[in-house]
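The values are calculated or read from the model by the stated rules, or taken from the named source; none is laboratory data. This is a predicted model, so every value here is computed, not measured. Cβ atoms come from the backbone with ideal geometry, glycine included; neighbour counts cover every protein chain shown.
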Amino acid sequence: MKRISNNIFLMAALALLAASCDKDGDMLTVVGTEDVTLSGNGGDIVLNYNQVDDLALTVYWSDNGEISLSDPLVAASENATVNTVQFSATDDFAAVAEEEANAGEYSMQFTHFELNAILNGLGYEPGVKAPLYMRVESLLGENINPTYSNVMTVNVTPYVIDMTVAYVLDSSQAETGITLYSAGDDGVYAGFVGCASWWNWYLREGDGTIWGNNGEAGTPFLISAAASHWNMWYPGQTGCYYTIVDTEGLVWSALLLSEVNVSGDVTGAMTYNRDANSWTYSYSAVSAGTINIQVSGKGEQYDINTGDASSTPATFGFTQSGDAVEFGETAGTISLEVPAAGDVTITLNLGDPSHYTCTVETGGTVEPGPGDEFGDYIYLVGIDDGPNPDAGWNFNNYLRRYNADSNLYGGACYVNSAWGYQICLEVDQWTPAYTTDGGTAEGGSLVLMDDTHTGNIPAPAEGLYLFDVSMSAMTYSTTAITSVQYAGINAGADDSWVFAPMTADAANPGVYTAAVEITQPSAWGFSIYLNENWDLKFGGSDGVLYLYGSNITDDQSLAPGNYTLTVDLCAGTYTLE
């Protein structure tokens, strides 16, 4: 691992002062440095592939960041020492893996996945217990000999690294549950990915290597594992992409399946389900028995030759291979067993890249109901770019769904917008997006953005607002929040509620607190109110606030005493502690 010293200015000062010393040999020296002691969780560590994100190892060492110099008139740099944790399979540290600590930090933690990747790099044998040696190297400057801590030893058992499977990560490098498969175990991974247009992603191999774009403008299908890489991105069409990532050739490609058709004993167009990563076709079977079909289609190929703005037409098909089907350029006969007469559905399942299947099951395709395309959150992109209009929009501000039947969303948001905002449905998915058709900052109707509707929703003046959005009626409204109250705590069966004020946290917009004395369980629970208006309320449960939700009943299980009630209207959370 390459180290970059954070004490350039200190070393420059040392050099200049050394040059100015007289001939008697006055030197500026470092004093007050201390030996480093390394500690951590000991014992045997057995790594488990099914616990890749769980914590496996913690190491920590004594603070050696404060140093002083022999000349009190010269100030030493803060946290000048660079600490690096070294791992080795031998006690002489002949070969090491290194992890450099951030300045001012004196501990590190490693998950099962991270530690297993280190062991793999050091040549440990999977499934075999062996000692792991660790120490901290402390370096004050490139021309100064490093010092070392005591050596800490633990026994570790690595798990087998499967290099036939690679994991599709989202733009934050979190797991998505989607995988690609390398049938030849040769670094070429393939599989079907269902995604929205311009979806950003990375790919992680079994040994921990993360691949992204090569970090150069105009090269969307070139990849790199360097730390300077960017995320990769799919073209501007939502759908199902047959994806190939070649880590040896440093390229990737995406074939958009524009249409998939069934022919033969049954004829029809199949429908794609992105959540299930499958194509289906339903029909009414005359009888049970064997049918012979072909599954083929047309697509648009995107690769290094086309870029992401254009494509070349392509055809494809599936052929039978035992109990699985294989993807290729042409279609072959697929024999399927229809279980019974009546409504049945042919399903082409593409979720497992090592084993695609085509089956027939009883029952027709469930048609999506009104609003099924909407999830538990919608996102107000552009609502907070006022402080830095050139920084780009984000998906940090959201509204939570409080009525699933009518797809009603509500919540608070601190507005500081330079250009207005749009409503999006998924994190990092810029389409579909919704704007307004003649609406104002206070409210109006929503429309899907297209070539005709291209503007943004006007944003209200800077401040804290309540947003109430209906994705069924396609309407929105905003209300300025001027005060926050709670009511219902200690209220008896006579239902005598009164507003009790809550205090705003000046440093965190949307956060309000109140000192609460509970003398008795409330008869009906309590709620959070806005602007001393009984019609503007938040209820909730389990620490989550819902606009117009049922009363919060946490106080009914608490002993009498003094508590602090805290609500975060923007995050949609509450605590009573």
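Worth a mention:
- Residue that is modelled with the lowest pLDDT [pool: residues in the range 254-278 that are under 38 Å from the mean Cα position of the chain (by Cα), farther than 28 Å from Ile223 by Cβ and in a strand (DSSP E or B)]: Asn273
- Against the test of being farther than 25 Å from Asn116 by Cα and among the β-branched types (Val, Ile, Thr), the options Thr179, Thr153, Thr243, Thr164 yield a single qualifying residue, Thr243.
- Residue within the range 149-158 that is surrounded by 20 or more Cβ atoms within 10 Å (Cβ to Cβ), touching a residue at least 24 places away in the same chain (Cβ under 8 Å), touching a Gly at 6+ places or on another chain (Cβ under 9 Å) and in a loop (DSSP other than H, G, I, E, B) present: yes
- Scanning the range 298-318 for residues that are of a type in the set (A, V, I, L, M, F, W, C) and over 23 Å from Leu250 (Cα atoms) returns Phe316, Phe318.
- Among (1) without any contact (Cβ under 8 Å) to a residue 40 or more places away in the chain; (2) closer than 19 Å to His112 by Cα, the one test that Leu169 misses: (1)
- Ser445 being hydroxyl-bearing (Ser, Thr, Tyr) and outside the structural domain of Arg400 (by TED's automatic domain parsing): no
- For the range 428-436, the criterion of a residue being modelled with pLDDT of 90 or more, more than 24 Å from the chain's Cα centre (by Cα), part of a strand (DSSP E or B) and not acidic (Asp, Glu) is satisfied by at least one position.
- Within the option set Ser483, Ser496, Ser550, being exposed (fewer than 13 other Cβ atoms within 10 Å of the Cβ) and either at pLDDT 95 or above or in contact with a strand residue (DSSP E or B) (Cβ under 7 Å, 6 or more places away or on another chain) (or both) holds for one residue only, Ser550.
- The range 42-61 - residue that is surrounded by fewer than 14 Cβ atoms within 10 Å (Cβ to Cβ) and under 19 Å from Gln86 (Cβ atoms) and, of those, modelled with the lowest pLDDT: Gly42
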